[in-house]
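A.B. asks: Dropping a structure here in structure tokens format, bear with me for questions.
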Amino acid sequence: MDEMDSTARALVARGKGILAADESSGTIEKRFKSVGAVCREENRRAYRELLFTTAGLSAFISGVILFDETIRQKAADGTSLVEVLHRQGIITGIKVDKGAKGLAGFAGEKITEGLDELRERLGEYRKLGARFTKWRAVIAIGPGTPTDFCLLANAHALSRFAALSQEAGLVPIVEPEVLMDGDHPIERHGEVTQRALRLVFDELAGHRVRLEAMLLKPNMVVSGQNCPQQVGVATAADATLCCMKRTVPAAVPGLVFLSGGQSDVRATEHLNAMNQRGAAPWELSFSFGRALQAPALKAWGGLAANAAAAQRELIHRARCNGAARLGEYSERLETLKP
Ligand code: 13P
């Protein structure tokens with residue numbers, strides 16, 4: 001327990017957050033296609049290697065979440081990518097869910113799969129060097145959805161995952177993502193997020209999950225992507241904090257927000273605004289995928305010759321988010337790209 005508690009705290013160390021680089025095969029294919037990169041194993045390996053070898057990354061990045069393929073891959077010089085991260089002083093994590101599938105009987109709703117044989121897979125991941133895990137539930141807002149049944153089924157699966165992770169000595173990152181897709185106003189996003197989180201923490205308690213040895217990866221509370229009324233940064237930051245304070249016990253060491261399709265700068269602005277509000281019961285940090293990688297991926301475009309340019313983009317976003325962790329981000333920082 002001591003080791004897990006300190007890993008959880010190290011992941012939300014001052015000024016640092018997590019790089020989510022755990023895109024599944026389907027997702028990474030989409031991302032690569034969007035920048036014209038060919039999605040074959042060597043390219044995925046080369047791309048992840050360039051991210052992880054970025055000089056100075058550990059000043060802002062405490063941990064990286066990997067996908068199953070990546071945790072088994074090696075850098076060009078034969079060093080395992082896990083070792084590359086370890087030498088940087090970065091903790092390795094692993095996505096262990098097997099994706100969100102249709103929830104039978106509930107049109108338009110999803111349940112995350114991956115509990116079968118999970119105990120055995122966790123043991124293997126720990127041997128491969130992982131110290132934390134991630135499981136993502138996907139909740140969509142629609143007319144009449146999400147149902148309580150869908151929220152409960154996902155909260156239950158998240159909690160079984162969390163309990164099994166802790167049994168294996170791995171810190172679980174519990175991610176119930178309420179999507180921002182849709183034209184709903186921010187109030188509806190807040191209401192659904194609140195319902196989802198209440199059920200998640202009820203189930204976590206039922207499963208005897210140790211809150212000190214886990215992290216929550218929530219969505220920020222924002223206006224639906226197609227909502228005609230888009231609220232400003234301060235309103236979203238306040239709505240998010242209000243929702244978290246009502247639902248997340250103070251024993252949880254940190255909230256590591258996902259970016260969920262917000263622009264990279266907007267995600268940073270939201271995180272910064274929350275940290276500027278002053279003392280919260282938990283560290284307010286990030287576990288961004290797109291909001292950290294999008295500019296780097298674009299600069300790379302599948303070409304080895306662009307690796308250095310891509311690394312400059314990654315370290316820039318990492319630095320901006322590191323500053324947002326402290327409430328010290330500003331527009332000026334955006335102009336100081338190396
Ligand atoms: P985004 O920040 O791109 O939403 O990705 C975070 C993540 O890991 C989703 O599971």
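The values are calculated or read from the model by the stated rules, or taken from the named source; none is laboratory data. Everything numeric in this text was worked out from a predicted model, so none of it was measured. Cβ atoms come from the backbone with ideal geometry, glycine included; neighbour counts cover every protein chain shown. Ligands, DNA and RNA are stripped out before the accessible areas are found, and what is left, the full protein with its side chains, is counted by its heavy atoms. Shrake-Rupley method; radii C 1.70, N 1.55, O 1.52, S 1.80 Å.
A.B. asks: With every protein chain left in place, what is the accessible area of L258 in Å² (1.4 Å probe, nearest 10)?
C.D. replies: In the full protein context, L258 sits at about 10 Å².
A.B. asks: Further question: I'd like the accessible area for C242: 1.4 Å probe, protein heavy atoms, all chains in place, Å² to the nearest 10.
C.D. replies: 60
A.B. asks: How much FRET efficiency would the formula 1/(1 + (r/R0)^6) give for S6 and A104, where r is the Cβ-Cβ distance and R0 is 30 Å, rounded to 0.05?
C.D. replies: It comes out at approximately 0.15.
A.B. asks: Quick one: which residues, 5+ away or cross-chain, put their amide H under 5 Å from the amide H of E175? H built at 1.01 Å from N.
C.D. replies: Residues meeting the amide H criterion: W135, A137, K217.
A.B. asks: Along each of the three principal axes of the Cα atoms of region 1-121, give the extent in whole Å, ordering the values from largest to smallest.
C.D. replies: Principal extents (largest minus smallest coordinate, Cα): 48, 42, 29 Å.
A.B. asks: Size of the dipole of the chain about the Cα centre, Lys and Arg at +1 and Asp and Glu at -1 on the beta carbon, nothing else charged, in debye to 20?
C.D. replies: For the chain, the charge dipole is close to 560 debye.
A.B. asks: Now for a separate question. Indicate, rounded to the nearest 5 percent, the antiparallel portion of the DSSP beta bridges found entirely in the chain. Intermediate values should be presented prior to the final figure.
C.D. replies: Values: 5 of 33 bridges.
Restricted to the chain, the bridges split so that about 15 percent are antiparallel.
A.B. asks: Something else now. Please find, in a Gaussian network model of the chain (springs between Cα atoms separated by less than 10 Å), the residue of N275, N306, N219 whose mean-square fluctuation is greatest.
C.D. replies: N306
A.B. asks: Enumerate the calculated ³J(HN,Hα) couplings along region 255-261 in order (Karplus 6.51 cos²θ - 1.76 cosθ + 1.60, θ = phi - 60°), each rounded to whole Hz, writing x wherever the residue is Gly or Pro.
C.D. replies: Along region 255-261, the couplings run 10, 10, 5, 8, 8, x, x Hz.
A.B. asks: Which residues' amide hydrogens lie under 5 Å from the amide hydrogen of I94, considering only partners 5 or more residues apart or on another chain, with H built in the peptide plane?
C.D. replies: It is L66, F132, T133, K134, by chain and number.
A.B. asks: With a point put 7 Å past each Cα toward its Cβ, work out how far C242 is from V38 in nm, to one decimal.
C.D. replies: 5.3
A.B. asks: Compute the accessible area per residue over region 98-146, keeping the other protein chains in place, probe 1.4 Å, unit Å².
C.D. replies: About 51 Å² of surface per residue is accessible.
A.B. asks: Please list K74, K217 in order of solvent-accessible area, largest first, computed with a 1.4 Å probe with all protein chains present.
C.D. replies: Ranked from most to least accessible, the order is K74, K217.
A.B. asks: State in Å² the accessible area per residue of region 231-338; use a 1.4 Å probe, count heavy atoms of protein chains only, and round to the nearest integer.
C.D. replies: Solvent-accessible surface per residue comes out at 39 Å².
A.B. asks: For the chain, give the percent of accessible area contributed by carbon and sulfur heavy atoms, probe 1.4 Å, rounded to a whole number.
C.D. replies: Values: 6950 of 13750 Å².
Of all accessible area on the chain, carbon and sulfur atoms account for 51 percent.
A.B. asks: Pop out the ³J(HN,Hα) list for region 188-200 in order, Karplus 6.51 cos²θ - 1.76 cosθ + 1.60 with θ = phi - 60°, rounded to Hz; leave Gly and Pro as x.
C.D. replies: My calculation for region 188-200 gives 5, 4, x, 5, 5, 4, 4, 4, 4, 5, 4, 5, 4 Hz in order.
A.B. asks: Residue-wise, which Karplus ³J(HN,Hα) couplings in Hz belong to region 275-292, taking 6.51 cos²θ - 1.76 cosθ + 1.60, θ = phi - 60°, and x for glycine or proline?
C.D. replies: Values, residue by residue: 5, 6, 5, x, 3, 10, x, 10, 5, 10, 10, 10, 9, 8, x, 4, 5, 9 Hz.
A.B. asks: Identify the residues of region 36-50 with backbone N under 19 Å of a label point that sits 7 angstrom from the Cα of D77 along the Cα-to-Cβ direction, or state none.
C.D. replies: Under cut-off, by backbone N: 45-50.
A.B. asks: Considering all alpha-carbon pairs of the chain, what whole percent are spaced by more than 28 angstrom?
C.D. replies: 37
A.B. asks: Antiparallel DSSP bridges in region 1-128: what percent, to the nearest 5?
C.D. replies: Percent antiparallel among DSSP bridges in region 1-128 is about 35.
A.B. asks: Please identify which residues in region 14-50 have an amide N closer than 16 Å to a label point set 7 Å out from the Cα of D181, following the Cα→Cβ vector.
C.D. replies: Backbone N within reach: 24, 26-28, 30-31.
A.B. asks: Let me ask something else. May I ask you to rank K245, K134 by accessible area, largest first, using a 1.4 Å probe over the protein chains only?
C.D. replies: K245, K134
A.B. asks: What is the gain in length, in nm to one decimal, between L128 and D148 on full extension, counting 0.36 nm per residue of separation less the C-alpha to C-alpha distance?
C.D. replies: Between L128 and D148, full extension yields an extra 3.4 nm.
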